[in-house]
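Visitor: Next up is a structure, given as structure tokens.
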Amino acid sequence: MAAKRVGIARLKTHLSCYVRGVRRRGDSVEVLDRGVPVARIVPVDALGEIETVVPAARPWAEAEDELFALLEKEDDPGVREAGAGACDDLLRERRRR
């Protein structure tokens, strides 16, 4: 069976419907970010044995503080380095508030 393809926004809006299809019919869902496949939701049986989930070593708030501290060390936050993206811009904007 071919995987259904869905954009992130639609998936967020209708997540329970897509998960229901995975659970009841064994559907696979390919998640697209601006038309590019980035993830797949598949039935647990398709994964085989589930690996152990390892908890985070430290809370996100602590890591977030470290990230903002690194961003503050930049010489000119208005200049985007090669490979930098919208996430970097959003973090800088949030830091300025």
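Derivation of every value follows stated rules applied to the coordinates shown; laboratory data play no part. Computed from a predicted structure; not experimentally measured. Backbone-built Cβ (ideal geometry, glycine too); neighbour counts: all protein chains shown.
Visitor: What are the ³J(HN,Hα) values, in whole Hz, obtained from phi via the Karplus relation 6.51 cos²θ - 1.76 cosθ + 1.60 with θ = phi - 60°, for each residue of the range 15-20 in sequence order, with x given for Gly and Pro?
Guide: Karplus-based 3J(HN,Hα) across the range 15-20 equals 3, 4, 5, 5, 5, 4 Hz.
Visitor: How charged is the neighbourhood of ARG10? Take every other residue with its Cβ under 14 Å from the Cβ of ARG10, and add Lys/Arg as +1 and Asp/Glu as -1.
Guide: Computed value for this residue: +2.
Visitor: Rounded, prolate or oblate for the range 4-45? Axes are the square roots of the Cα gyration tensor eigenvalues, ordered a ≥ b ≥ c, and the cut-off for rounded is a/c under 1.5. Please list the in-between numbers first.
Guide: Values: a/c = 2.81, a/b = 1.51, b/c = 1.86.
Oblate, because a/c is 1.5 or more while a/b does not exceed b/c.
Visitor: Right, something else. Highest mean first, how do 58-68, 27-37 rank when packing is the count of other Cβ atoms within 10 Å averaged over residues?
Guide: On the way: 58-68: 10.5, 27-37: 13.4.
Highest mean packing first, the order is 27-37, 58-68.
Visitor: Of all DSSP beta bridges in the range 4-45, what percent run antiparallel (nearest 5)?
Guide: 55 percent
Visitor: Summing Lys, Arg as +1 and Asp, Glu as -1, what charge do residues with Cβ under 13 Å from the Cβ of LEU32 carry, LEU32 excluded?
Guide: Counting the neighbours of LEU32, the net charge comes to +4.
Visitor: Residue farthest toward the positive end of the dipole of the range 4-45, with Cβ of Lys/Arg at +1 and Asp/Glu at -1: which of GLY35, GLY7, CYS17?
Guide: Comparing the listed Cα positions along the dipole, CYS17 ranks first.
Visitor: Say R0 is 22 Å: what FRET efficiency, to the nearest 0.05, do ALA86 and HIS14 get from their beta-carbon distance?
Guide: 0.35
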